[in-house]
Amino acid sequence: MKPVKKTKAEEPELEPLCCCEYIDRNGEKNHVAACLCDCQDLDEGCDRWITCKSVQPETCEKIMDTISDRLRIPWLRGAKKVNISILPPLFLLPVFLRVASWHFLLGVVVLTSLPVLALWYYYLTHRRKEQTLFFLSLGLFSLGYMYYVFLQEVVPKGRVGPTRLALLTCGLLLILFALYRAKKNPGYLRNPAHNDRALSGSQVECLNRKGPEKPKGFPSADLSGGLNNRAPKDETKDSPRTSAGSPAKGKDDWCAKCQLVRPARAWHCRICGICVRRMDHHCVWINSCVGESNHQAFILALLVFLLTSVYGITLTLDTICTDRSVFTALFYCPGVYANYSSALCFTCVWYSVIITGSMAYIFLIQLINISYNVTEREVQQALRQKTGRRLLCGLIVDTGQYNRGFLRNWHQFSTLGAHPFHHPAEDIV
């Protein structure tokens, strides 16, 4: 018998992509210049909108998927996709703040509507169990834009010296460094039986076309950017591996999605799609979970942000309202809207006050939880099951399960991540 010759024609190799080409969601090669060509979903939506006909929600989702798939920037070895959720803050925030600087009433309306819109988008994304870069983009761009306004409008007035400017700049850099540390691995739990292998570019594109799995369930959100992801309906299902490889409490500790037995205080995040060791909550401001490995960096980022923000607000008010104290100038600064430059600074001050107030509330809740050695997820679970002890109108919730006293609780928090695989015996029993 003649040996069969294997020709390369049977399995043609894919040609390398140029900087403007990419593989779209249909698995076909496309070009950045053709982003407006052959878009049937968008054409249909525009036709129905022009003819005053209602556009179906399915059509809107297809249009958004098409836009997000074609919104790319040229890059080496293929154009990279741009997450569409990072774009609104880059355009809307400067416009809103400058419009709010025109008049006092416009400022009240704009600064009141911004938190409402942010909360609406927060609940919208969390109801869909979707990751979003909107809040991370909003936070980073707010820092950059506030610093830009400070350099352009406050520093030239001559009341901020080089030392104060250097101190504020160092605070900004420390915030970015702390955010970088907080964005790292929060303590993901991976099944050792399923080693993750690196995916090629074509495999990543294929997974993106399939889309993330959308689990069922209706979580309840908290005010600190956290999300209670526990759903007993899905997680307490009996699995063939539960009775074989899990302990007596395996039914509660077994994660059917990650196929592993969770250690004490670990939890499965439905947004990240993976279990996190000592999970506190999923924070939208860093687009990641806060867990055992990054909880300290998260607290540090909050602390540095609060100190830097208060310092910047103080310097700005001291510049535009020279004859009044900081607290008085915040509520009464006559003549501030007579000059557009001072009006813009005053508007940015109030925007910073709103953001700082919300972050201060999150920081306070975190300090209380650490002092009582509870996580935000455990607090939400205790409130739902009415098993925790509520103090100060519910501001403090003590479950009593891991509380060992104020000093020992803070000592345990200060050593988080030092021994990631070691837990006290009372945490396991």
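Please work out the ratio of the alpha-carbon Rg of the stretch 318-402 to 2.2 N^0.38 Å and round it to two decimals.
Details: Rg = 20.1 Å, N = 85, 2.2 N^0.38 = 11.9 Å.
Taking N as the residue count of the stretch 318-402, the ratio is 1.69.
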Fill in the blank from the handout: Of 68-75, 331-338, ordering from highest average Cβ density within 10 Å down gives 68-75, 331-338
Exercise for the section: Mind grabbing the accessible area of MET146 for me, 1.4 Å probe, Å², rounded to tens? Expected result: 40
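Ranked highest first by average number of other Cβ atoms within 10 Å, how do 24-34, 366-376 line up?
Details: 24-34: 13.5, 366-376: 21.0.
Ranking, from highest mean packing down: 366-376, 24-34.
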Practice task
Take the alpha-carbon centre of the stretch 356-381, take the same for the stretch 264-318, and report the distance between them in whole Å.
Solution key: 11
Handout entry: Residues whose placed amide H lies under 5 Å from that of ARG404, excluding near-sequence neighbours
Key = ASN409
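Using a 1.4 Å probe, what is the accessible area per residue for the stretch 373-419, in Å²?
Working: 2860 Å² over 47 residues.
Counting only protein heavy atoms, the per-residue value for the stretch 373-419 is 61 Å².
Based on the mean of other Cβ atoms within 10 Å per residue, sort peptides 287-298, 95-106 so the most packed one is first.
On the way: 287-298: 24.3, 95-106: 16.2.
My ranking of the peptides, most packed first, is 287-298, 95-106.
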Problem - Distant alpha-carbon pairs in the stretch 373-419 (separation over 18 angstrom), percent - result: 33
Handout entry: Surface share of carbon and sulfur [accessible, 1.4 angstrom probe, percent] for the stretch 373-419
Key = 56
Fill in the blank from the handout: Phi-derived 3J(HN,Hα) across the stretch 89-96 with the Karplus relation (6.51, -1.76, 1.60, θ = phi - 60°), rounded Hz, x for Gly and Pro, is x, 5, 9, 7, 4, x, 5, 4
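The values are calculated or read from the model by the stated rules, or taken from the named source; none is laboratory data. Everything numeric in this text was worked out from a predicted model, so none of it was measured. Cβ atoms come from the backbone with ideal geometry, glycine included; neighbour counts cover every protein chain shown. Ligands, DNA and RNA are excluded from the accessible area calculation, which covers all protein heavy atoms including side chains. Shrake-Rupley method; radii C 1.70, N 1.55, O 1.52, S 1.80 Å.
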